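The values are calculated or read from the model by the stated rules, or taken from the named source; none is laboratory data. Keep in mind it's a predicted model, so treat the numbers as computed, not measured. Here the Cβ positions follow ideal geometry from the backbone for every residue, glycine too, while neighbour counts run over all protein chains shown. These accessible areas exclude ligands, DNA and RNA; they are computed on the full protein's heavy atoms, side chains included. Shrake-Rupley method; radii C 1.70, N 1.55, O 1.52, S 1.80 Å.
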Amino acid sequence: MPWLGFSCPLCGFHGQRFPFLSALKRQAKVACCGCGVVLRSDPRLGTYTLYVMCTQVFALLLALPLVWAVSARAWGWRGLIVLTGLVPCWMLGAIRHARSPIVRATRDPNRSYARRESMRDAEAPSQDQNGP
């Protein structure tokens, strides 16, 4: 199984991936290519906090070279420094979403703990048919 991909928990379709910019979000959403159900990653808060801390460390490590590149007006170095910071942060975010639990983005309409009137009406005739 690839690091950045996952399988749909409902239909089992392989090769699902979250969009590129969703690596920066806490929860990412994507529609399944097989069944069309909207899925979202549900990473734990501790995992998200660790991700934010790693990105802050990358920012701190690259801050001093970035200040040098801005003051020296070195556009090439500035772009390289920013790219060096963004690629590892994006990769960690994409792996975090792909390896977290994947759930439906909305509640399942067939899963309800409350009895509905239509269900009561549907059950009543079946109980009468099983009479003596």
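A few comments on the model shown:
- Count - residues of segment 1-17 that are within 17 Å of T106 (Cα to Cα) and hydrophobic (A, V, I, L, M, F, W, C): 3
- Candidates V52, V57, V30 - the one that is farther than 22 Å from P88 by Cβ, free of Cβ contacts under 8 Å to residues at least 24 places away in the same chain and either outside any loop (DSSP other than H, G, I, E, B) or open to solvent by 70 Å² or more (accessible area, probe 1.4 Å) (or both): V30
- You will find that of C32, C54, the residue that is of a type outside the set (A, V, I, L, M), closer than 17 Å to T106 by Cβ and over 11 Å from the mean Cα position of the chain (by Cα) is C32 and no other.
- Only one of L50, L83, L62 that is at pLDDT 85 or above and more than 27 Å from F6 (Cβ to Cβ): L62
- Any hit, segment 77-99, residues being among the charged types (D, E, K, R) and exposed (fewer than 14 other Cβ atoms within 10 Å of the Cβ): no
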